[in-house]
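The values are calculated or read from the model by the stated rules, or taken from the named source; none is laboratory data. Given the structure is predicted, the values throughout are model-derived calculations rather than measurements. Note that we place each Cβ from the backbone using ideal geometry, even for glycine, and neighbour counts take in every protein chain shown.
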Amino acid sequence: MSDADGETLAELRTIADYQFGAGAGEALFPSESDESLTVHRSTSGRPRQIVAPGGRIVSYGTDGRFTLGVAGGRRLVGALGYPAARVVVGDESEPFVREGKNAFAKFVRDVDPDVRPGDEVAVVRDDDTVLAVGRAELSADAMADFETGMAVHVRDGAEPDDE
């Protein structure tokens, strides 16, 4: 990794801490690690995707926010205390969510109380196994209260053998 990538990752850590909470930047982009992170850039040099050997960690949007990859969701879940950045769904919706289908409010068992519509979240089982990552469509209160409606627009489902 070049010095420019090191500086870029330091800036991205700050953005991740702001978006997901303290400790998220170090979880997504560890500073003390032998792992090689690859920063894919746009033609103008702006970081667009950060990829580890295990898969895509995040994409960095033009709006200044991250969209999680499954590898990034696993890193966040592993580093942030329960229930931060999570939506817990029941076993009955697991196969559908893993396939990349959306998570619906009636199957939500627990949710980070700070989740707002538009937030990036990991969809997990009761045991914190990451099933998918996506964008919350409802607030935490609405996910808990509603019996209908999409809770999380799933972007990437996790294969069972990826774990």
Residue satisfying all of: in the stretch 4-38; of a type in the set (A, V, I, L, M) and more than 15 Å from A71 (Cα to Cα); farthest from the chain's Cα centre (by Cα) among these = A4
task = Considering each of Y82, Y60, Y18 in turn, give the residue that is among the aromatic types (F, W, Y), touching a Lys or Arg at 6+ places or on another chain (Cβ under 8 Å) and under 30 Å from S139 (Cβ atoms).
result = Y60
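With the structure loaded, tell me whether D141 is modelled with pLDDT under 90 and part of a helix (DSSP H, G or I) or whether it fails that test.
So D141 does not fit the description; no.
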inquiry  = On the basis of being touching a helix residue (DSSP H, G or I) at 6+ places or on another chain (Cβ under 8 Å), among the small types (G, A, S) and assigned to a loop (DSSP other than H, G, I, E, B), does S31 make the cut?
reply    = yes
ask   = Here are some conditions: (1) part of a helix (DSSP H, G or I); (2) touching a residue at least 12 places away in the same chain (Cβ under 8 Å); (3) more than 23 Å from A22 (Cβ to Cβ). G100 meets all but one. Which one does it not meet?
value = (1)
ask   = Mind checking whether some residue in the stretch 1-21 is without any contact (Cβ under 8 Å) to a residue 60 or more places away in the chain, part of a loop (DSSP other than H, G, I, E, B), of a type outside the set (K, R) and over 30 Å from D145 (Cα atoms)?
value = yes
ask   = Here is a list of conditions, (1) at positive phi; (2) touching a helix residue (DSSP H, G or I) at 6+ places or on another chain (Cβ under 8 Å); (3) without any contact (Cβ under 8 Å) to a residue 40 or more places away in the chain, and A85 meets all of them except one; can you say which number that is?
value = (3)
ask   = If you go through the stretch 68-80 one residue at a time, do you hit one that is in the same structural domain as G25 (by TED's automatic domain parsing), over 16 Å from G25 (Cβ atoms) and surrounded by fewer than 18 Cβ atoms within 10 Å (Cβ to Cβ)?
value = no
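Mind listing whichever residues of the stretch 32-62 are in contact with a strand residue (DSSP E or B) (Cβ under 8 Å, 6 or more places away or on another chain) and exposed (fewer than 12 other Cβ atoms within 10 Å of the Cβ)?
Correct list: E35, S36, S42, R46, G61.
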